[in-house]
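Since every read-out is calculated from the coordinates, none of them should be taken as a lab result. Small disclaimer: the values here were computed from a predicted structure and weren't measured. Please note: Cβ atoms are built from the backbone with ideal geometry, for glycine as well, and neighbour counts cover all protein chains shown.
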Amino acid sequence: MSDRTIYWHIPGICYFGLINHVLLDTMQKYPSKFRDGYKIASCYGTFPGAIWNGGRNIIDGFNNKTEVAKVIDSYNKKGVPVRFTWTNVLLEEKHTYDTYCNMIMKVGDNGMNQVLVNRPVLEEYIRREYPKYKIISSTTKRILDLDTLKSEIEKDYFLVVLDYDLNHNEKVIESILPEAGRIEILVNETCKAGCPKRADHYTEISRHQLEYDTNIQYPCWDPSPDKRTFAGCMKRPSFMSVDDVEKYADMGFKNFKIVGRGEGKEFLMDSYIYYLVKDDAKDFIRNQMMQTIMSLSAPKAPRMPMAPQSARAPFRR
C-alpha cells in the first residue's frame, strides 16, 4: 500500500457520539491495527430538532448551547471537523433565520467545521453570514447527468459528493479524474440502485423537520430482508469494497464517506471494522471497541459527548 492519505467521513455527530469517540481513541491507541494512511477527516450529522437538516434521517429533540459547544469541541479537539447536514430540500428564505440553527452555526464558527448544502437559498445565506465554513455539495441533489456534474464540480465547493449510482460508472469516473481530489464517494449505501422514491423520501423527511411531524410514515419500497445490514449493502451495485477504495485512491480520489446516520449501531460498527481495520486485526479491534463502549455505557462511568436522553434516535422509513 502506498503512503498516500485516504480521508474518511463518518456519520452521527450526536447519536453515534460514543461509538465515534471510541473509534478515534482506538485508532490513536492502536495505529498499527488500522489501515495505513487512513484518516478520519470529518464527522457529519445534525443536532436534535434542527430544521435545516435533510437527507433521510431525523433526530427529534433539542440541545442547548452548552451541549452543542461540548459536542463540537469534543471532535475538534481530536482534529476532526464537524460537518452539518444542512440539506433540507424545502427550505425557503424565512427558514434561514431560524434561531436554533444559527446558534449551532455560531458555536461551530471557528474555521475548522463544514456544511453540506442542497438549497441555493441556504447556501447563499451561509456563504454570506458564515464565510469560515467549508461548503460541500450534497449527494441529495441527485446529480446523475455528466454535464451537470461537471458544472457542479466547477463551482466553488470544497468537495462534491458523488451520487452513489455513479460509483462504478466508468465514463463518469474517467471524465472527472482531473478533479478527483475534490470528489467524495459514498462507499456503503444501503438503498437500492436507481431508487425511484429517493427524491420523494428527501422531501417527506424535509417536511417532517419543518413541521415537527412525529407521526411521519414513509415505508421503503425495497423488500430486501437484509437491506439495513452491512452484508446487505455489500450486495448493492454501488458498494465500494476495500479493493475498490484502494483502486480509486490510486487514481487520485481521496475522500470516502461511510453512510449510516439512520442505520443501527451494528451496521456502523461493521462498516468501521471492514473499511478501517487491517484484516488480521478485525477481531481484536472489535473486541477492544465493544469493551470500551460497554464500560463507558455503565451508569457510573463518564459518558462521551452525545445527544441528551430526550433526543429521539434517527430513523429511516
Residue span residue 235 to residue 128: 0.36 nm per residue of separation minus Cα-Cα distance leaves a gain in nm of 34.2 nm
Cα lying deepest toward the dipole's positive end in the range 6-297, options 267, 160, 37, charges on Cβ
37
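Can you figure out the FRET efficiency of residue 99 with residue 215, using R₀ = 25 Å and their beta-carbon distance, to the nearest 0.05?
0.50
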Computed for the range 6-297: size of charge dipole around the Cα centre, +1 on C-beta of each Lys and Arg, -1 on C-beta of each Asp and Glu, debye to nearest 20, value 620 debye
Taking every DSSP bridge whose two residues both lie in the range 6-297, the antiparallel percent to the nearest 5 is 5 percent
Would you mind putting 71-82, 165-176, 26-37 in packing order, based on average other-beta-carbon counts within 10 Å, highest first?
71-82, 165-176, 26-37
Within 12 Å, Cβ to Cβ, of residue 278, how many net charges do the neighbouring residues add up to if Lys/Arg are +1 and Asp/Glu are -1?
-1
With just the Cα atoms of the range 39-139, tell me how far they stretch along each of the three principal axes, in Å, largest first.
35, 26, 26
Simple SL model, points at 7 angstrom along Cα→Cβ for residue 281 and residue 148; separation in nm is 4.2 nm
Cα gyration tensor, the chain - rounded (a/c under 1.5), prolate or oblate:
rounded
Reference-scaled alpha-carbon Rg (2.2 N^0.38 Å with N residues) for the range 122-163:
1.21
Which whole-Hz couplings ³J(HN,Hα) result when phi for each residue of the range 86-103 is put into the Karplus expression 6.51 cos²θ - 1.76 cosθ + 1.60, θ = phi - 60°, listed in order with x for Gly and Pro?
8, 10, 4, 7, 10, 5, 10, 4, 4, 6, 5, 8, 3, 5, 5, 5, 5, 4
Charge dipole of the range 6-297 about the Cα centre (unit charges at C-beta), most positive-ward option of 232, 296, 22:
296
Cα-based convex hull, the range 132-267, per residue volume (Å³, whole number):
142 Å³
Checking the cross-link filter: which lysines have an alpha carbon closer than 25 Å to that of residue 70, excluding same-chain neighbours under 8 positions apart?
29, 39, 78, 106, 132, 134, 257, 265, 300
Net dipole in debye of the range 56-150 [+1 Lys, Arg Cβ; -1 Asp, Glu Cβ; about Cα centre; nearest 20]
360 debye
Rounded to the nearest 500, the 222 nm mean residue ellipticity computed for the chain from DSSP H runs (n ≥ 4, each -39500 (n - 2.57)) alone is -11000 deg cm²/dmol
